[in-house]
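Asks: Sharing a structure with you now.
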Amino acid sequence: MSDIKVKIGLECHCQMTSLKTKLFCRCPADYRGKPPNTNVCPTCLGLPGSLPYLNRRAVEEAIKVALALNCKINRRMVFYRKNYFYPDLSKNFQISQYDYPLAVDGQVTINVNGTDKVIRIKRVHIEEDPGRIVYKGSIESSPYTLVDYNRMGIALLEVVTEPDMETPTEAKAFLQELRSILEHLDVSDGSLEGSMRCDANISIEGGSRVEIKNITSFKEVERALSYEIIRQRNLLRRGVQVKRETRHWDEVRRVTVALRAKEEEMDYRYFPEPDLVPIEIADEMIKKIKEQLPELPATRRIRLVKQYGLTEYEARVLTSDKHLADFFEKLVSIHGNPKIDCNLVINELLRLLNEKNIGVRDLKFTPLEVSELLRMVDEGTISWKSAKYVLRKMVETGEHPRKIVEIEGIRRIASIEEIEKYVDMVFEKYREDVEEALREPKVVHKLVGEVLKETKMLADPKITFQIVSKRIEKLRELKK
Amino acid sequence: MTAKQIVKLVLTGSLSPVDVVETYLDRAKKLNPKINAFITIAEEHARRSAEELEKRLKKGFPGKLIGVPIAVKDVISTKGIETTCASKILKGYVPPYDATVIRRLKAEGAIIIGKTNMDEFAMGSSTELSAYGPTRNPWNLERVVGGSSGGSGAAVAARMAPIALGSDTGGSIRCPASFCNIVGLKPTYGTVSRYGLISYACSLEQIGPMTVDVNDCALLMEVITGKDCFDSTMIDYKFKWTPREVKGLRMAVPKEFFGEGTDERVANRVWDIIKLLESHGAIYEEISFPLARYVLACYYIIAMSEASSNLARYDGVRYGPPCDLSLPWYDSYSKIRGEGFGIEVKRRIILGCFALSAGYYGRYYLKALKLRTMIRNHVLSILKSFDVIVTPTTPFPPFKIGERVEDPLALYMADVDTVVANLAGVPAISVPAGFIDGLPVGAQFMANHCCEDLLLTVAKCIQDETNFHTKVSKEVRL
Ligand SMILES: [Zn+2]
């Protein structure tokens, strides 16, 4: 069953969050957290007589992305109207692109389990975001629907891939890479809610193409695709034909649901937007943007390996999130031990971030504080193990590491005399074990463990082991 | 009184803006029940504006149109004044913003005196298709006034306002101008901001002046033209006109627009005008315009297609009668649109949707666009060898109210002479060309892009020689 071929294509909608204003008016692009329908003007409200006027910065930003995705940029770009009725669209058409999109034919290389794979990009275009539908309570129980047009007209970038992915994991890897590219370009901040959404199309050998809409975050994609593959395989196994249809991802119930036929057979009646003129994109402009492109994840990975001696894997983990890589580089620049710094960032810090479901920029401390933490380890003030504990406290409270160490009384016990006191105590308490240890060297470890426990894990394990071993050795000789 | 005269009298202190406004308000209120030129007479707004202008005058900031009342077609957004497009679906809609042209008019001291009647959403050529009833022609109350800017035409012809703004998608300024014995100019596409003009067919329409006098037409053009960052389809252009002689002017007379389907009497009036200009040194040549038979089809496909999309926003959620909450949104939209739009609007939306739909797009919309390019190129090639193209403004004089309203194709025929200028984007003017049995007739002149000055020169010559513009209908004497 598992060798049946699966083809997955993605349609990603990314808000260009670094823009100051909306795509076709001058309302602020930062709509989040504002009272409903206050971030609006005649144009984005689609009031009778209003006209769209293009935010040129959006075109420049989109060109950056198209270049980073290795696309061919059309020298003449045209906006189209996509006509359909829906309450979140203030004009009941969306200004989007159709023929003559911004760019076509690109590619991105992803890596899954150490293997590279090229995903082709079909097209990249610019369009406006619709408003937001707000229900009172849930969809089912809401007696009416409310619409908030604050988001209406936000600049969106649509990136469409060829159906080159074969597993949900690959789809996730692609989206991660795309997000990292957008963040490296400073075009889109993927951590903002709803800033990156996508539709997926999926077909299993022997079935028709099914589209899944309304995947509201990149995280949901893997889930939605996995569900859909199982659903389609079950149908095929029962000999039921997989219909060509559009389904809706229900995030709460975690299932895909078929949409009504009416919406499926939508004819968008695309035609060139007569209120906007075709945009000519000069070679000069492309050249200039190309020259100013910042470092992208792929080149950064190579540099990280070269500059800091990291492994491919480590570099990949770091660059999957621009801000994580930034954090690491800043930390190295202060602390200066790439191996240890990388280990702390990709193992300890990243685990904590995932556990708390927050981003690097949500941290209440900077690499400087982390370097302080590592310095305490270097100085021998605290153990590596304690450092991990302190880091957790830092993430939770934002306190300075030295303060946490002081308050919690965490200190590494490294003085031989101090540790010997604990060893005395343990040897007194566990006489039988000591006897056994004389015959059976393995039991030494148990004694070491007991000593560490007595010190609340603050003793240096290496020194403790040495002391315990020496004691046993002495006792053995005495017995002889 | 012309706008120019009003400005002069206000500046010299002989008249105050309040005096002017009261005089016109009085006429408008008395005549409107008879003519139905205005949907809204903005009495309060006009009075308030006049008072503010008096203060402004004292401070010494006059404007080019200081104290001049203006009638504005109800398709142009006016902040605080209901703007309905003569449709039930926009009843009660008060725009929270001014169209760019309105902002410019206000800045120059003009006073909006009211919003004029029109065919619903500017779709029509007679101003019969209004949710507020037809406008009656001041020259003959049984006759149509032309359209779609019929209310503006009638308001000026009846001297309820000295000047007016109309909009012209396929002849909507020029047709009523010709039926009302006034001057109507459709400017070059992209010279007057469309921001605030409620769209019918965006790639074709322009706002333009409708006036009694050619000089006022020029004055109004000075105020309303010029780049606006809100309208992306504009070109760099600054209107400027110095009247000159018509000597040496080369006129093309396309015979297709004088032949079959054109009332012979109308053709004769226009020929009289051509001969008049010839007597002043202009020369003419009859030419052929073989694409003439395609212009209406081309125009209507493009206009309806754009309209089908432009009018989609009227779904009852934010304008029109409140939506029926017991219905699913989809059905509520259908219900409100079904009830809120008039028959002609619905016809054009449906045909437009059809022309844009998958499988028909290439056969209709795309083909119309190609044809449009051909027509435009043909017009421009004629205008390489000629300064102007002369035709009747409409093939017939004002017809009886109700005569054509049941037959859309017969109604569409009224646009056959005017749509060419919209398809080509060139400026065109309708100038009074005399009367047939007491009904006004207009002559139309088209010129190359941005050659409005040439059109005004021609119009001025005709005006000075004929004095048709001084004639006023008996019906509107108070
Ligand atoms: Zn806005």
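The values are calculated or read from the model by the stated rules, or taken from the named source; none is laboratory data. Note that the structure is a prediction, hence the values are computed from the model and not measured. Don't worry about glycine lacking a Cβ; one is built from the backbone with ideal geometry, like all the others, and counts go over all protein chains shown. What goes into the accessible areas is simple: the full protein's heavy atoms, side chains included, and nothing from ligands, DNA or RNA. Shrake-Rupley method; radii C 1.70, N 1.55, O 1.52, S 1.80 Å.
Asks: Filtering the stretch A:141-166 down to residues that are out of contact with any strand residue (DSSP E or B) (no Cβ under 7 Å at 6 or more places or on another chain) and modelled with pLDDT under 95, which residue is nearest to the other protein chains (Cβ to nearest Cβ)? Walk me through it before giving the result.
Replies: Narrowing the stretch A:141-166 to residues out of contact with any strand residue (DSSP E or B) (no Cβ under 7 Å at 6 or more places or on another chain): A:141, A:143-144, A:149-150, A:152.
Okay, now just the ones that are also modelled with pLDDT under 95, so A:141, A:143-144.
Working: A:141: 15, A:143: 8, A:144: 6 Å.
Top of the filtered list is A:144.
Asks: Next up: Does the stretch B:207-220 hold any residues that are within 20 Å of residue B:63 (Cβ to Cβ) and open to solvent by 10 Å² or more (accessible area, probe 1.4 Å), and which are they?
Replies: Of everything in the stretch B:207-220, those that are within 20 Å of residue B:63 (Cβ to Cβ) and open to solvent by 10 Å² or more (accessible area, probe 1.4 Å) turn out to be B:213, B:215, B:219.
Asks: What pairs can you find where one residue is in the stretch B:290-311 and away from chain A (no Cβ under 11 Å), the other is of a type in the set (D, E, K, R) and open to solvent by 30 Å² or more (accessible area, probe 1.4 Å), and their Cβ atoms are less than 7 Å apart, with a gap of 6+ or different chains?
Replies: That search, which allows pairs on different chains as well, returns B:292/B:256; B:298/B:372.
Asks: Within the stretch A:226-246, identify whether any single residue is at pLDDT 95 or above, assigned to a strand (DSSP E or B) and closer than 24 Å to residue A:125 by Cβ, and answer yes or no.
Replies: Taking every residue of the stretch A:226-246 in turn, none turns out to be at pLDDT 95 or above, assigned to a strand (DSSP E or B) and closer than 24 Å to residue A:125 by Cβ.
Asks: Now for a separate question. What residue, of B:260, B:285, B:278, is out of contact with any helix residue (DSSP H, G or I) (no Cβ under 8 Å at 6 or more places or on another chain) and part of a loop (DSSP other than H, G, I, E, B)? Don't jump to the end; show me each part of the working.
Replies: On the way: B:285 fails: part of a loop (DSSP other than H, G, I, E, B); B:278 fails: part of a loop (DSSP other than H, G, I, E, B).
After ruling out the rest, the residue left standing is B:260.
Asks: Tell me the residue from A:439, A:476, A:471 that is open to solvent by 80 Å² or more (accessible area, probe 1.4 Å) and modelled with pLDDT of 85 or more, please.
Replies: Values: A:476 fails: open to solvent by 80 Å² or more (accessible area, probe 1.4 Å); A:471 fails: open to solvent by 80 Å² or more (accessible area, probe 1.4 Å).
A:439 is the lone residue from the list that is open to solvent by 80 Å² or more (accessible area, probe 1.4 Å) and modelled with pLDDT of 85 or more.
Asks: Additional query: So, in the stretch B:128-147, how many residues would count as being in contact with a Cys (Cβ under 8 Å, 6 or more places away or on another chain) and open to solvent by less than 10 Å² (accessible area, probe 1.4 Å)? Reasoning before the result, please.
Replies: First, pick out the residues of the stretch B:128-147 that are in contact with a Cys (Cβ under 8 Å, 6 or more places away or on another chain): B:137-139, B:145-147.
If we keep only those that are open to solvent by less than 10 Å² (accessible area, probe 1.4 Å) too, we end up with B:137-138, B:145-147.
So the count comes out to 5.
Asks: Additional query: Give the stretch B:80-128 a look and list any residue that's touching a Gly at 6+ places or on another chain (Cβ under 6 Å) and away from chain A (no Cβ under 12 Å), or say none.
Replies: Selection gives B:88, B:108, B:109, B:116, B:117, B:118, B:119, B:120, B:124, B:125, B:126, B:127.
Asks: Looking only at strands (runs of 3 or more DSSP E) that lie completely in the stretch A:1-117, which have at least 3 residues being within 14 Å of chain B (Cβ to nearest Cβ), more than 16 Å from the ligand (Cβ to nearest atom) and open to solvent by less than 60 Å² (accessible area, probe 1.4 Å)? Lay out the reasoning, then the answer.
Replies: Details: elements: A:6-15, A:80-83, A:93-96, A:103-112.
Counting at least 3 such residues, we get A:80-83.
Asks: Something else about it: Does residue B:129 satisfy being within 21 Å of the chain's Cα centre (by Cα) and in a loop (DSSP other than H, G, I, E, B)?
Replies: Numbers: within 21 Å of the chain's Cα centre (by Cα): yes; in a loop (DSSP other than H, G, I, E, B): yes.
It is true that residue B:129 is within 21 Å of the chain's Cα centre (by Cα) and in a loop (DSSP other than H, G, I, E, B).
Asks: Follow-up. I'd like to check something: does the stretch A:444-455 contain any residue that is without any contact (Cβ under 8 Å) to a residue 24 or more places away in the chain, within 40 Å of the chain's Cα centre (by Cα) and surrounded by fewer than 17 Cβ atoms within 10 Å (Cβ to Cβ)?
Replies: Taking every residue of the stretch A:444-455 in turn, at least one turns out to be without any contact (Cβ under 8 Å) to a residue 24 or more places away in the chain, within 40 Å of the chain's Cα centre (by Cα) and surrounded by fewer than 17 Cβ atoms within 10 Å (Cβ to Cβ).
Asks: Let me ask something else about it. Which residue, of A:339, A:330, A:288, A:356, is surrounded by 14 or more Cβ atoms within 10 Å (Cβ to Cβ) and farther than 30 Å from residue B:349 by Cβ? Talk me through it step by step, then tell me what you get.
Replies: Numbers: A:339 fails: surrounded by 14 or more Cβ atoms within 10 Å (Cβ to Cβ); A:288 fails: surrounded by 14 or more Cβ atoms within 10 Å (Cβ to Cβ); A:356 fails: surrounded by 14 or more Cβ atoms within 10 Å (Cβ to Cβ).
One residue alone meets the criteria, A:330.
Asks: If you check every pair at least six apart or on different chains, which have Cβ atoms under 7 Å apart with a residue in the stretch A:39-50 that is closer than 14 Å to residue B:311 by Cα first and a residue that is open to solvent by 20 Å² or more (accessible area, probe 1.4 Å) and near the ligand (Cβ under 7 Å from one of its atoms) second?
Replies: none
Asks: From the set of residues in the stretch A:118-155 that are closer than 17 Å to residue A:68 by Cα and of a type in the set (Lys, Arg), which is farthest from the ligand (Cβ to nearest atom)?
Replies: Keep residues of the stretch A:118-155 that are closer than 17 Å to residue A:68 by Cα, which gives A:118-126.
When the remaining residues are screened for being of a type in the set (Lys, Arg), the result is A:120, A:122-123.
Details: A:120: 36, A:122: 31, A:123: 27 Å.
The qualifying residue farthest from the ligand (Cβ to nearest atom) is A:120.
Asks: Right, another one. Is it the case that residue B:223 is away from chain A (no Cβ under 14 Å) and either under 25 Å from residue B:83 (Cα atoms) or open to solvent by 10 Å² or more (accessible area, probe 1.4 Å) (or both)? Before the answer, list the steps.
Replies: Values: away from chain A (no Cβ under 14 Å): yes; either under 25 Å from residue B:83 (Cα atoms) or open to solvent by 10 Å² or more (accessible area, probe 1.4 Å) (or both): yes.
So residue B:223 fits the description; yes.
Asks: Only helices (runs of 4 or more DSSP H) wholly contained in the stretch A:269-357 count here; list those with 2 or more residues that are more than 24 Å from residue A:61 (Cβ to Cβ).
Replies: Working: elements: A:283-291, A:297-308, A:312-319, A:322-335, A:338-343, A:350-356.
Here the list reads A:297-308, A:312-319, A:322-335, A:338-343, A:350-356.
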